[in-house]
Each structure stands twice: as C-alpha cells, then as structure tokens.
Amino acid sequence: MRTTQEAVTSVWTDWEPDKEGKQFTYLKIPYSRDNSAWGSIWIPLIQYKKGKGATVLFTGGVHGGEYEGPISLMKLARELNIDEVSGRVIILPCLNLPAVQAGTRVSPVDGRDLNRSFPGRHNGTVTEIIAHYIHDVILPEADVVVDLHAGGQSLSLVPYISMHYLDHEIQYRQTYEALSAFNAPYQLIMKEFSGDGLIDYAVEKMGKVFLCAELGGAGIISPYNVAITDQGIRNILKHYNVVPGDIQRLSTAPIQLYVAKQDQYIYSHGAGIFEPFKLLGDTIAKGEIVGQIHDIQDIAQAPVPYYSQCDGVLMGMRAPGLTDRGDCLGLIATREA
Ligand SMILES: [Zn+2]
C-alpha cells in the first residue's frame, strides 16, 4: 500500500489513510492567481475506517452541474455511523471543486475535463494535479470505486449504473455483482467512444472494480434519482460488508442494456433546434425517427430527421434545444448483448 509521503505530488493534506475512526479533511491543491498569490483549493475528503475489510471509494462532482452524487455523498458523509463500519469508506463528494462551484462540466480554472485528465500530472494544471493525486495516491488504497455522475447541462439520462466490457473474467464477474448490487432502474454494460483519460480505465487497469452511475441530468435534480443514489451507495457498502444489512431492491427488476457500437450514439450533422419525438426510456425500433433539427434561418428547408440505427431503449438525449453540428442527440441501448 502506498502512502501520501511516497508519492510525488504538490497536494498537501492531513488525511491519514490508515487512521481508525472518522476524518473530515481536505486535499489542498496549490492555485496561485492574481488575487491569491499563495492560494489553494480545498477539496473535501471524508473517511470512515474501522477494523479490517474492503475499502470503498465514492467520487462525486468529477464534473460540475451533476448534482445527485454530491447530494447523496454529502449525506452519507454526515450520516454514516462509525460503529457499524467494517473496513473503510473514502468519500470525495465534490472532487473537481471549482467545476462544482461553477456548475460547469469543465473546470473554470484551466478549462479541463477531470474525467479526460487521468492519469494526470503532478506539476500540471489544477485539474491535472487533482487527477494525478487521485491516480497515484487514492486509487491504490481502494478495492472498489463508484463514480457518480449525471448528464450535466447538455444531456438528459435515464438513471443507470454502468460497467465496461472487461477481458479479465474474475474482474468482470466481481464488477457485474457490484453493478447488480447498486440496483439502479437501468444497468448497462458498455464500450466507451468518448475519449481517453477516464478514471474508469485507470481503475480497471489496476485490476479493481469500477462502476459509473449516471443519475439524471439536464442540470436539474429529481427526488426519485436522489433516492436511487442514496439507496445505491448504501447497497454497495452492504455488498462489500462494510456496513451490515440487506441490499434494498426496487419494486421492479433493473432493465439490463448494452452499448457496444458507436452508431448507437446519434450525432447531429447540422445546426438548429432539435425537436425530440421520443421520451427517455422509450422503446425504439431500428429506422425509427428519434427527432428532427430545424434550420433556424432557412425556414423553407424541411427539418432534418435523425434515425435510430438499432432496436433498443432511448437512454440519453440532448437536453438543450439549440444544437450544433457534432452534438450528441441521443443514445440507444440494446436489450441484447
Ligand atoms: Zn459527469
């Protein structure tokens, strides 16, 4: 196990990974700027540790404007009872704090997306320093990582828990068991097409269990999605025997879905106003129209229709009406692997 003293980092902290009990502390990131020459950004870190057992790491606020994760993790941080913990829980409710404070996906400090910045750089920008510290110091401490997201300002998503297709059989099985334990209304096994630098890959490369939850979006909060998040993170703790109790199930079984091909994502090839024809969660047939884009200036032009390339379920949709070339309009997940 690595300790904070061994890693090359410019982050400083009072966090003591091996200390028994409850710690409310900070990761302090140097941030020199005009109005604060020796300034720093303080990212909350909460740890509960008692005896032996698994270490579960929860991250929220990797992007700002995604609220269910931070809400549920702040509640968990206040409400966990150290007496019932066996093992360790590390909670980072607002990991990219400047983005969370600004309500933006990317950090206003350096314009970077934390979830495209792993493994990070110890002498990089603020976001890269955060990624590097998580990668080099915190991830090695964890057995399982659950990263809580939502669609932010630009996407509306059904509440789902997801994992990647994994080559390693034991890692796949352990991850699938954790996925099922979270108990979201939708559970997804997927390939990524959105770029490199994900925390997901960093954790998976270390041979650990990684889950990503997407719990709503459009920059709004629903009580239903917060309740799913509250229950899901407790279910993970129960699954790893970090807290006692039975896993809580939803009234209906989770819907199992898959994303294996890039054309399951529908992309705009023109600008205008996107008029959706479907609602999140709707069943869609291959060749069916998902929506259309109206050219704002060339009114004589018929709107351009966008079609589903597969049979499946509409899991995600563009949230704002205004749309540009290259924006993602929708994601259709299939019911078959
Ligand atoms: Zn996100």
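Filtered by the rule that a residue be touching a residue at least 40 places away in the same chain (Cβ under 8 Å), open to solvent by 50 Å² or more (accessible area, probe 1.4 Å) and closer than 17 Å to Gly64 by Cα, the range 80-105 gives a lone residue, Arg105. For the range 25-35, filtered to residues that are within 13 Å of Val109 (Cα to Cα) and assigned to a strand (DSSP E or B), the residue that is least open to solvent (accessible area, probe 1.4 Å) is Ile29.
Only one of Ser162, Ser156 is hydroxyl-bearing (Ser, Thr, Tyr), within 16 Å of the ligand (Cβ to nearest atom), within 19 Å of Tyr240 (Cβ to Cβ) and under 17 Å from the mean Cα position of the chain (by Cα). Can you tell me which? Answer to the check: Ser162.
Residues checked against (1) open to solvent by less than 40 Å² (accessible area, probe 1.4 Å); (2) part of a loop (DSSP other than H, G, I, E, B); (3) touching an Asp or Glu at 6+ places or on another chain (Cβ under 7 Å):
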site	(1), (2), (3)
Asp263	no, no, no
Ile266	yes, no, no
His269	no, yes, no
Phe274	yes, no, no
Gly281	yes, yes, no
Gly287	no, yes, no
Gly291	yes, no, yes
Asp298	no, yes, no
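How many residues are away from the ligand (no atom under 16 Å from the Cβ), among the small types (Gly, Ala, Ser) and in a helix (DSSP H, G or I) if we restrict to the range 70-87?
Of the residues in that region, 1 qualify.
Any residue that is assigned to a loop (DSSP other than H, G, I, E, B), surrounded by fewer than 24 Cβ atoms within 10 Å (Cβ to Cβ), within 14 Å of the ligand (Cβ to nearest atom) and in contact (Cβ under 8 Å) with a residue 40 or more places away in the chain - is there at least one of those in the range 44-57? No; the residues of the range 44-57 include none that is assigned to a loop (DSSP other than H, G, I, E, B), surrounded by fewer than 24 Cβ atoms within 10 Å (Cβ to Cβ), within 14 Å of the ligand (Cβ to nearest atom) and in contact (Cβ under 8 Å) with a residue 40 or more places away in the chain. Checked against the criteria, Tyr67 does not count as aromatic (Phe, Trp, Tyr), more than 16 Å from the ligand (Cβ to nearest atom) and open to solvent by 20 Å² or more (accessible area, probe 1.4 Å).
Just one of Asp147, Asp113 is among the acidic types (Asp, Glu), in contact with a Cys (Cβ under 8 Å, 6 or more places away or on another chain) and within 14 Å of the ligand (Cβ to nearest atom); which is it? Exactly one residue qualifies, and that residue is Asp147. If the condition is being more than 16 Å from the ligand (Cβ to nearest atom), touching a helix residue (DSSP H, G or I) at 6+ places or on another chain (Cβ under 8 Å) and touching a residue at least 24 places away in the same chain (Cβ under 8 Å), then the range 124-144 contributes Val126, His135, Leu139, Ala142, Val144. The conditions of being over 17 Å from the mean Cα position of the chain (by Cα), among the hydrophobic types (A, V, I, L, M, F, W, C) and either open to solvent by 10 Å² or more (accessible area, probe 1.4 Å) or at pLDDT below 95 (or both) are not met by Ala77. The residues of the range 177-226 that are open to solvent by 20 Å² or more (accessible area, probe 1.4 Å), within 15 Å of the ligand (Cβ to nearest atom), in a loop (DSSP other than H, G, I, E, B) and touching a His at 6+ places or on another chain (Cβ under 9 Å) amount to a single one, Glu192.
The values are calculated or read from the model by the stated rules, or taken from the named source; none is laboratory data. The model shown is predicted, which means the values in this text are computed figures rather than measured ones. Every residue, glycine among them, receives a Cβ derived from its backbone with ideal geometry; neighbour counts consider all protein chains shown. Side chains are part of the model used for accessible areas, which takes the heavy atoms of the whole protein and leaves out ligands, DNA and RNA. Shrake-Rupley method; radii C 1.70, N 1.55, O 1.52, S 1.80 Å.
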